[in-house]
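Here the structure is laid out as structure tokens; the discussion comes afterwards.
The values are calculated or read from the model by the stated rules, or taken from the named source; none is laboratory data. Only a predicted model underlies this, so the values are computations on that prediction, with no experimental measurement involved. With ideal geometry, Cβ positions are generated from the backbone for all residues, glycine too; neighbour counts draw on all protein chains shown.
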Amino acid sequence: MEIGPLSRISVGAPVAADAIQESLGLTQQLVAAIRGLNRTEMLEQGREFKLRRRAAGKRPMVDLVDRETGEVLDELFPEEVLRMAGELEQEQDEEQ
């Protein structure tokens, strides 16, 4: 069996470390925002936000879920959830 030169090996495009860090940072922000929002009385009783991970390379989504049935009631973009969490935090700071 003959092994060809390395230059003939097809390698997929490298994943940029910056893109991985950005994705990880967004996920961490979303998890913190979702936890904060789920602890408040902002949502109707029996509902919660859940992070939905999608296929690699696609942005995550946040689902508004009925806790009892597991039914997805609405889908939100990450930016919407982060905005809501920021507004809530700002309101709490103003109350203090």
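Observations
- Scanning the range 65-79 for residues that are under 13 Å from the mean Cα position of the chain (by Cα) and surrounded by 13 or more Cβ atoms within 10 Å (Cβ to Cβ) gives Leu76, Pro78.
- The residues of the range 11-38 that are at pLDDT 75 or above and surrounded by 11 or more Cβ atoms within 10 Å (Cβ to Cβ), listed by number, are Leu26, Thr27, Gln29, Leu30, Val31, Ala32, Ala33, Ile34, Arg35, Gly36, Leu37, Asn38.
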